[in-house]
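Okay, structure first, notes after.
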Amino acid sequence: MDTTKNPWTIQSRELKYDNNWISVWHHEGLNPSGTPGIYGVVHFKNKAIGIVAMDEEEQIYLVGQFRFPLNRYSWEIPEGGGPLAEPPLETAKRELLEEAGLVAENWQEIVRMDISNSVCDEEGVIFLATGLTQHAPEPEETEQLTIKKVPLLEVYDMVNRFEITDSLTVAAIQKVMLMRYEGALNK
């Protein structure tokens, strides 16, 4: 099997929806078995950037907000969208200041992930930020945020009890716990 070759034969591609953040494409073609098939793809115009902001006492800064697509409140690490052409670290620094009012001295990229690769092309990048100093948050006008500090082990328990389900946060906390277990945390 050639893992570099697309087994789909695309016969047509049509833009169905487009805004500043996403495009939705409808594809028609032949699926890998050779029979006609369709595929919808959501193209993201930004990268998803997440930041695990951890202080010296292993307290994690969480941001709470109502998530419109889910129709419910969500606790998660500070995160936001970064232009595809912008280095992810620049976006991370801006988002951490905007959402939590924090500036970090130390940055470490800890995760790269495809958010939901069966329907979209969104890439996620997560950083661990330490050496924190507090400033005033600068949230966007569309954000109504609550910020709280929670011990790492409690955040890990919240993930395991499904109280935190945001994909970037789940992946980030699992990775930080693995790094902690391996002794690889650079605080």
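The values are calculated or read from the model by the stated rules, or taken from the named source; none is laboratory data. Keep in mind the model is a prediction, meaning the values are calculated, not measured. A quick note on method: Cβ atoms are made from the backbone with ideal geometry, for glycine too, and the neighbour counts reach across all protein chains shown.
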Could you pull out the residue among D55, D18, D2 that is free of Cβ contacts under 8 Å to residues at least 12 places away in the same chain and under 22 Å from the mean Cα position of the chain (by Cα)?
D18
Residues that are under 18 Å from the mean Cα position of the chain (by Cα) and assigned to a strand (DSSP E or B), drawn from the stretch 117-145:
C120, E123, G124, V125, I126, F127, L128, A129
If a residue has to be within 17 Å of L178 (Cβ to Cβ), of a type in the set (A, V, I, L, M, F, W, C) and free of Cβ contacts under 8 Å to residues at least 60 places away in the same chain to count, how many in the stretch 154-163 make the cut?
1
Filtered residue count, the stretch 132-142, keeping only those that are exposed (fewer than 14 other Cβ atoms within 10 Å of the Cβ) and closer than 15 Å to I51 by Cβ:
4
Close pairs from the stretch 63-87: first loosely packed, with under 11 Cβ neighbours inside 10 Å, partner at pLDDT below 95, Cβ under 6 Å, at least 6 apart
Y73/F66
Of all residues in the stretch 1-15, how many are under 7 Å from G29 (Cα atoms) and surrounded by fewer than 10 Cβ atoms within 10 Å (Cβ to Cβ)?
1
Would it be correct to say that L97 is within 14 Å of the chain's Cα centre (by Cα) and either of a type in the set (A, V, I, L, M, F, W, C) or farther than 21 Å from G124 by Cβ (or both)?
no
Residues in the stretch 148-182 that are crowded, with 16+ Cβ neighbours inside 10 Å and outside any helix (DSSP H, G or I) total 3
Only residues that are at pLDDT 95 or above, of a type outside the set (A, V, I, L, M) and over 13 Å from the mean Cα position of the chain (by Cα): list them for the stretch 150-183, please.
P151, E154, Y156, D157, N160, R161, F162, E163, Q174, K175
